[in-house]
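These notes are about the structure you will find just below.
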Amino acid sequence: MTSSSVSNQKLKDKVAIITGSSRGMGRAAAILFAQHGAKVVVNYHGNKEAADQVVKKIEETGGSAIAIQADIGKIADLPRLVDGCIEKFGKLDILYHNAAIHYVCPDLEDVTEGVWDMTYNSIIKGPFFLTKLAIPHLKKSGNGCIIFTSTSSAGTATPADPHYMTAKNAVNALYRILGGWLAPEIRVNCVVPGFVKTDMFRHHPPQMWDVLGSMVPMNRMCTPLDIANAALFLASDDACNITAQEIVVDGGRSSAIPRRNVLPVLQAMKPGVSTYDKQAYGSDNIKEMDVGI
């Protein structure tokens, strides 16, 4: 697909910074945004080759992009990202906070101070200060847009990786605060992915991906493009009156239980009322049924 092959370019002449866009969800968004007419800053932490490949792919299809190295968790790196964008493209319309670090910690003892700080720096502290640097340019745009990235796991108080889950919950608060703070000049929204087929899930063996997919109503994991499409909508004029909102892209994981998974239980729960035998439940259960009487 080339840029010109998209008949309705939703981001024509826009300029976007997408953090962590050398791979995964950020890569998919960079390529999709470019197909819709945006000039893209491809941000990477350490893999320059991967970032250059994204830039090359965008340029091969008629788009314009530049790769800029910056560790989002390091405040000193952030001006380089914004300054490089303005120097190359002259403006900034869209800031998409996609970069994140996720340390898998099976036990609380594994959550060290270093793990905690690096997680918070990349997910909440860095994006906040990067936003501050971008605000003047986004205001000049006249239609500025900021997109944060959370996770559907945060909303369920999942008993895993408290450093990551609490940082993402902080994101859930921050984008709403900024949505009210920066309106009407700048819109601020959030994409909330579920299980996504990226190397962030490499700690799960391949067969586990099928299990994760079976846990959600849509019966599959999300793809990076699923997330990119939601971000494209929020960045476009189609969402021009939407701010301080989130789009959950998780196949229904956080709001519905697949009937296929509970059907055996539901069928077992249909008793023959005429054969109901209270005594069969045992004396302890009978007491609880009868509120202790």
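Below are the figures for this structure:
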{"quantity": "Segment 55-79, residues that are assigned to a loop (DSSP other than H, G, I, E, B), touching a strand residue (DSSP E or B) at 6+ places or on another chain (Cβ under 8 Å) and surrounded by fewer than 18 Cβ atoms within 10 Å (Cβ to Cβ)", "calculated": "Ser64"}
{"quantity": "Filter result for the condition that a residue is at pLDDT 95 or above and of a type in the set (Val, Ile, Thr), over Ile257, Ile242, Ile286", "calculated": "Ile242"}
{"quantity": "Within segment 20-54, considering residues that are closer than 10 Å to Ala67 by Cα and part of a loop (DSSP other than H, G, I, E, B), the one most open to solvent (accessible area, probe 1.4 Å)", "calculated": "Ser22"}
{"quantity": "Selection count, segment 214-256, where residues are open to solvent by less than 50 Å² (accessible area, probe 1.4 Å), charged (D, E, K, R) and within 20 Å of Ala38 (Cβ to Cβ)", "calculated": "1"}
{"quantity": "Residue under evaluation Val82, criteria (1) farther than 19 Å from Phe128 by Cβ; (2) open to solvent by less than 20 Å² (accessible area, probe 1.4 Å); (3) at pLDDT 95 or above, criterion not met", "calculated": "(1)"}
{"quantity": "Complete set of residues in segment 173-201 that are part of a loop (DSSP other than H, G, I, E, B) and either surrounded by 22 or more Cβ atoms within 10 Å (Cβ to Cβ) or within 17 Å of the chain's Cα centre (by Cα) (or both)", "calculated": "Gly194, Phe195, Lys197, Thr198"}
{"quantity": "Residue list for segment 148-166, restricted to those being at pLDDT 90 or above and either part of a helix (DSSP H, G or I) or open to solvent by 20 Å² or more (accessible area, probe 1.4 Å) (or both)", "calculated": "Pro162, His163, Tyr164, Met165, Thr166"}
{"quantity": "Given (1) touching a residue at least 24 places away in the same chain (Cβ under 8 Å); (2) more than 23 Å from Lys140 (Cβ to Cβ); (3) assigned to a helix (DSSP H, G or I), number of the condition Gln207 does not satisfy", "calculated": "(1)"}
{"quantity": "The listed residue being within 18 Å of Val104 (Cα to Cα), in contact (Cβ under 8 Å) with a residue 24 or more places away in the chain, of a type in the set (Val, Ile, Thr) and out of contact with any Gly (no Cβ under 8 Å at 6 or more places or on another chain), out of Thr156, Thr166", "calculated": "Thr156"}
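The values are calculated or read from the model by the stated rules, or taken from the named source; none is laboratory data. Quick caveat: nothing in here was measured; it's all calculated off a predicted structure. Cβ: placed from backbone, ideal geometry, glycine included. Neighbour counts: every protein chain shown. We work out accessible area using only protein heavy atoms, side chains counted, and drop any ligands, DNA or RNA first. Shrake-Rupley method; radii C 1.70, N 1.55, O 1.52, S 1.80 Å.
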